[in-house]
Amino acid sequence: MLQSFIDLLFPQLCIGCNQSLVFGEKHLCTDCILHLPETNYHLQVNNPVEKIFWGRIPIVSAYSFLSFKKQGIVQRLLHDLKYGNNPEVGELLGMMYAQRLATAGIFPEIVLAVPLHPKKLKLRGYNQSECFAKGISSVLGCKHSDHIIIRKRATETQTRKSRFARWENVGRVFEVKKPELVFNKKILLVDDVITTGATIEACAQTIIPFTNSLSIGSIACVVYQ
């Protein structure tokens, strides 16, 4: 009753279209959810995200939930997640994507997120990729952990860097602290956005020696076809 009164005075707005949310809606209205630019790459062999990693790392599969376009709804969602102090958006997207993965019979044993450096984690208060991982694991019933992989040093933002510069920026910054927890496990490693794949590739390189089943996923991807 009180929440309904508060919503009447201060209506919650949809991140996608900025319209008022109705009862039962959270963060996104039903219309925006129905029109999210889903890639369905998890249903496609040799999809564009997989091709990014061909010849670079031995993975079982790679996919992304949404397709990123400048000034689009996905950019607004990611901005709210990363800079709007709204970790619930990441969990919501993770839960939505997990439903698609479950329908396709994709069930990892552990979902891991690309870690933030402790300084950035303290500044933001949460890891946006970990929120996505948490949402996925809650629906699929698998484990997720934020302490298996660490980021040993802070790196500059990847925005506006070339592909080589991105790799140079993140090379050798990750470390698996508890390899026994991922040994021979079916791992899904996730990040918020895949562009060149340099960050998640560098992170994956540290896990590959301990597992023979590694898949890669993200909230969104920027794919130039």
Taking interchain pairs and intrachain pairs at least six residues apart, which have beta carbon atoms under 7 angstrom, with the first residue in segment 90-101 and in contact (Cβ under 8 Å) with a residue 12 or more places away in the chain and closer than 14 Å to residue 33 by Cα and the second part of a helix (DSSP H, G or I) and of a type in the set (Val, Ile, Thr)? 94/136; 95/139; 97/136; 99/139
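Conditions (1) among the charged types (D, E, K, R); (2) within 22 Å of residue 128 (Cα to Cα); (3) more than 11 Å from the chain's Cα centre (by Cα), marked per residue:
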residue: 182; (1), (2), (3): no, yes, yes
residue: 188; (1), (2), (3): no, yes, no
residue: 192; (1), (2), (3): yes, yes, no
residue: 196; (1), (2), (3): no, yes, yes
residue: 203; (1), (2), (3): no, yes, yes
residue: 209; (1), (2), (3): no, no, yes
residue: 214; (1), (2), (3): no, yes, yes
residue: 221; (1), (2), (3): no, yes, no
Does residue 122 meet the test of being basic (Lys, Arg) and either in contact with a strand residue (DSSP E or B) (Cβ under 6 Å, 6 or more places away or on another chain) or within 23 Å of residue 12 (Cα to Cα) (or both)? no
Residue 126 fails exactly one of (1) closer than 14 Å to residue 188 by Cβ; (2) of a type in the set (Ser, Thr, Tyr); (3) not in a helix (DSSP H, G or I), namely (1)
Taking residue 45 as meeting all but one of (1) out of contact with any Asp or Glu (no Cβ under 7 Å at 6 or more places or on another chain); (2) at pLDDT 95 or above, write down the number of the exception. (2)
Which residues, counting only those in segment 22-49, are of a type in the set (Val, Ile, Thr) and loosely packed, with under 13 Cβ neighbours inside 10 Å? 22, 30, 45
Got at least one residue in segment 50-64 being part of a helix (DSSP H, G or I) and surrounded by fewer than 18 Cβ atoms within 10 Å (Cβ to Cβ)? yes
Got a sec? Which of 124, 163 is surrounded by fewer than 17 Cβ atoms within 10 Å (Cβ to Cβ), at pLDDT 90 or above and over 23 Å from residue 209 (Cβ atoms)? 124
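The values are calculated or read from the model by the stated rules, or taken from the named source; none is laboratory data. Only a predicted model underlies this, so the values are computations on that prediction, with no experimental measurement involved. Please note: Cβ atoms are built from the backbone with ideal geometry, for glycine as well, and neighbour counts cover all protein chains shown.
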